[in-house]
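Colleague: I have a structure here, written as C-alpha cells, and I will follow up with some questions on it.
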Amino acid sequence: MKHLIDIKDLSIEEINDLIEVAKDIINNREKYSHKCDGRKLATLFFEPSTRTRLSFEAAMMELGGNVIGFSDSSSSSTSKGETVSDTIRVVGCYSDIIAMRHPKEGAPLVASMKSTVPIINAGDGGHNHPTQTLTDLLTIQSEKGRMDNLTIGLCGDLKFGRTVHSLITAMTRYKNIKFVLISPKELEIPEYIKKEVLDKNNIEYVETNDIEEYMADLDILYMTRVQKERFFNEADYIRLKDYYILNKEKLEKAKNDLIIMHPLPRVNEISTDVDEDKRACYFKQAEYGKYIRMALILKLLEVE
Ligand code: CP
C-alpha cells in the first residue's frame, strides 16, 4: 500500500505519469467517470479548507465514487479526546482511501503508520502540502510547457507557507531551476530548507525583501498569504500581513509570458486588478487541483 505524505514519496517519473494522466482526464472526462464506482474517499479535515477538501470530493465524485468525512473536527469524536491513530483505524473500516488535513506537523505520517487504507496528506501544519505541489506542477507544465530552465519567484510568508516548502523540494529535481525568495526578514524560508534542500542540491537562489528587484527575471511568480493561523502574536501578524500587495504597477517590468500563481486563499497580497491580466493563473491553478487529485486517487487505489 502506498501513501502520499511528502512530495518526495513520489519519484520524478511517478509525478510525470500523474501529470500525463491528469492531462488525459482533462481531455477525456467521460472515460474516467466510472473508474471508482463503489469506492469511497474519506476527507478528514481537522483544519479549515475550501479548495483541497472540495476538489478531493469533486475528484472522487467525477470518478464515480462516493465521499464521507468531516470538515470540522469539533463535530467528530476528536472533541471527546479520540486520538488520530484511533480515528484513522476506524475510518479505514468505512472507506478505501483517506485525505487528511491536520494542524500538527507529522500527523498524517503517524496516521499512515496505523492505517489499513492509503493516506493522503492534505496539509500538515506549516510543514508540507504535497497535493498542492502536484497541482502547482500540473499548472507549471500546462502553462509554461516545461518543468526545467525556470526562474521562480516565491513571495510572502516563506516561513510558514507549507506550499512553498513542498514546491521548492519538488522543483529542485528538475534542471536549471533558480529561485528568488522574496520575504520580510521575519518570514524568511526556514534554515532546514536552505541547507537540506537548496544547498544540498546546489540550487541557485537569492533572497530579497523587494518584490520588484528581480521581477524582470521571473518566469513564475508564486505569491503566498501571510499565514495568520501560525502566528503566536497578533501584533506581528498585523504588522506583516500587507507587506506585499501585487498590483499592475509592480508587474510593469515583468515578462509577457510570466505566470502568476497563488495556492489561494488570497487575502490582500494580490490586488483584484491583476485578476484580468492574462498572466494571472491562480484560478486556473485551483481547477488543475481537481484533475491532479483525480489522477492521484486512481494511482493510490491502483485503478488502471
Ligand atoms: N490551497 C489550499 O490548500 O487551499 P485550502 O486551504 O482552501 O484547501
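The values are calculated or read from the model by the stated rules, or taken from the named source; none is laboratory data. All figures in this text were calculated on a predicted structure; none of them were measured in a lab. FYI the Cβ positions are ideal-geometry reconstructions off the backbone, even for glycines, and counts take in every protein chain you see. Ligands, DNA and RNA are stripped out before the accessible areas are found, and what is left, the full protein with its side chains, is counted by its heavy atoms. Shrake-Rupley method; radii C 1.70, N 1.55, O 1.52, S 1.80 Å.
Colleague: Calculate the dipole size of the chain relative to its Cα centre from +1 charges on Lys and Arg beta carbons and -1 charges on Asp and Glu beta carbons; express the result in debye to the nearest 20.
Modeller: 580 debye
Colleague: Ok, one more. Percent of Cα-Cα pairs per 5 Å bin, from 0 to the last occupied bin, for the stretch 85-161, please list those.
Modeller: Bin by bin from 0 Å, the calculated values are 3, 14, 19, 18, 14, 12, 10, 6, 3, 0.
Colleague: From Cα coordinates alone, what are the radius of gyration and Dmax values for the chain in angstrom?
Modeller: Rg and Dmax of the chain, Cα atoms, are 19.0, 55 Å.
Colleague: Still on this structure, please answer the following. By per-residue mean of other Cβ atoms within 10 Å, what is the highest-first order of 277-284, 234-241, 131-138, 77-84?
Modeller: By packing density, highest mean first, the sequence is 131-138, 277-284, 234-241, 77-84.
Colleague: Over the chain, what percent of the accessible surface lies on carbon and sulfur atoms, probe 1.4 Å?
Modeller: Answer for the chain is 47 percent, counting heavy atoms of protein chains only.
Colleague: Highest GNM mean-square fluctuation, the chain, Cα pairs closer than 10 Å: which of Asn247, Asn128, Asn28?
Modeller: The residue that fluctuates most here is Asn28.
Colleague: Can you bin the stretch 153-218 into rounded, prolate or oblate? Criterion: square roots of the alpha carbon gyration tensor eigenvalues sorted a ≥ b ≥ c, rounded for a/c under 1.5, prolate for a/b above b/c, oblate for the rest. Please report the intermediate quantities before stating the final value.
Modeller: Details: a/c = 1.75, a/b = 1.17, b/c = 1.49.
Note, shape of the stretch 153-218 comes out oblate.
Colleague: Find the centroid of the Cα atoms in the stretch 80-140 and in the stretch 188-230, then give the distance between the two in whole Å.
Modeller: Value for the Cα centre distance between the two parts: 26 Å.
Colleague: Put +1 on the Cβ of each Lys and Arg and -1 on the Cβ of each Asp and Glu in the chain; which of Phe160, Gly123, Asn149 then has its Cα farthest toward the positive end of the dipole?
Modeller: Projecting each Cα onto the dipole axis, the largest value belongs to Gly123.
Colleague: Restricting to the chain, compute how many DSSP beta bridges are antiparallel as a %, nearest 5.
Modeller: Of all bridge pairs located within the chain, approximately 5 percent are antiparallel.
Colleague: A further question follows. Quickly work out the Arg29-to-Lys114 label distance, labels modelled 7 Å from Cα along the C-beta direction, and quote it in nm with one decimal.
Modeller: For the pair Lys114/Arg29, the computed spacing is 3.9 nm.
Colleague: Would you list, by chain and number, the lysines whose Cα falls below 22 Å from the Cα of Lys195, excluding same-chain residues fewer than 8 positions away?
Modeller: Within reach: Lys8, Lys159, Lys175, Lys178, Lys185.
Colleague: May I ask you to derive the FRET efficiency for Asp210 and Ser74 from their Cβ-Cβ distance with R0 = 51 Å, giving the value to the nearest 0.05?
Modeller: The formula returns an efficiency of 0.75 here.
Colleague: Could you list log10 I(q)/I(0) for the stretch 210-304 at q = 0.15, 0.17 Å⁻¹, which the Debye formula gives when each Cα is one point scatterer?
Modeller: Taken in order of the listed q values, log10 I(q)/I(0) reads -0.71, -0.83.
Colleague: Another one. Have a look at the DSSP beta bridges in the stretch 141-227 and tell me what percent are antiparallel, nearest 5.
Modeller: About 0 percent, rounded to the nearest 5.
Colleague: Can you tell me the order of 286-294, 54-62, 8-16 when each peptide is scored by its average per-residue count of other Cβ atoms within 10 angstrom, highest first?
Modeller: So the peptides 286-294, 54-62, 8-16, ranked by packing, come out 286-294, 54-62, 8-16.
Colleague: Quick one, can you get me the convex hull of the C-alpha atoms of the stretch 1-153 expressed as volume per residue in Å³?
Modeller: Details: hull volume 18.4 nm³, N = 153.
Cα convex hull per residue, to the nearest whole number: 120 Å³.
Colleague: Oh, and also: Less than 18 Å apart at the alpha-carbon level, and either on another chain or at least 8 residues along: which aspartates and glutamates does that give for Lys35?
Modeller: Excluding near neighbours in sequence, the set is Asp17, Glu20, Asp24, Glu57, Glu62, Asp96, Glu302, Glu304.
Colleague: Under a 1.4 Å probe, what is the accessible area of the stretch 106-234 per residue, stated in Å²? Could the numbers behind the result be given before it?
Modeller: On the way: 4770 Å² over 129 residues.
Averaged over the residues of the stretch 106-234, the accessible area is 37 Å².
Colleague: Ok, one more. What FRET efficiency would be calculated for the residue pair Lys185, Val267, taking the C-beta separation as r and a Förster radius of 30 Å, to the nearest 0.05?
Modeller: E(calc), rounded to 0.05, equals 0.90.
Colleague: Can you compute the radius of gyration and Dmax for the stretch 204-263, using only the Cα atoms, both in Å?
Modeller: Expressed in Å, the Cα Rg and Dmax of the stretch 204-263 come to 13.5, 40.
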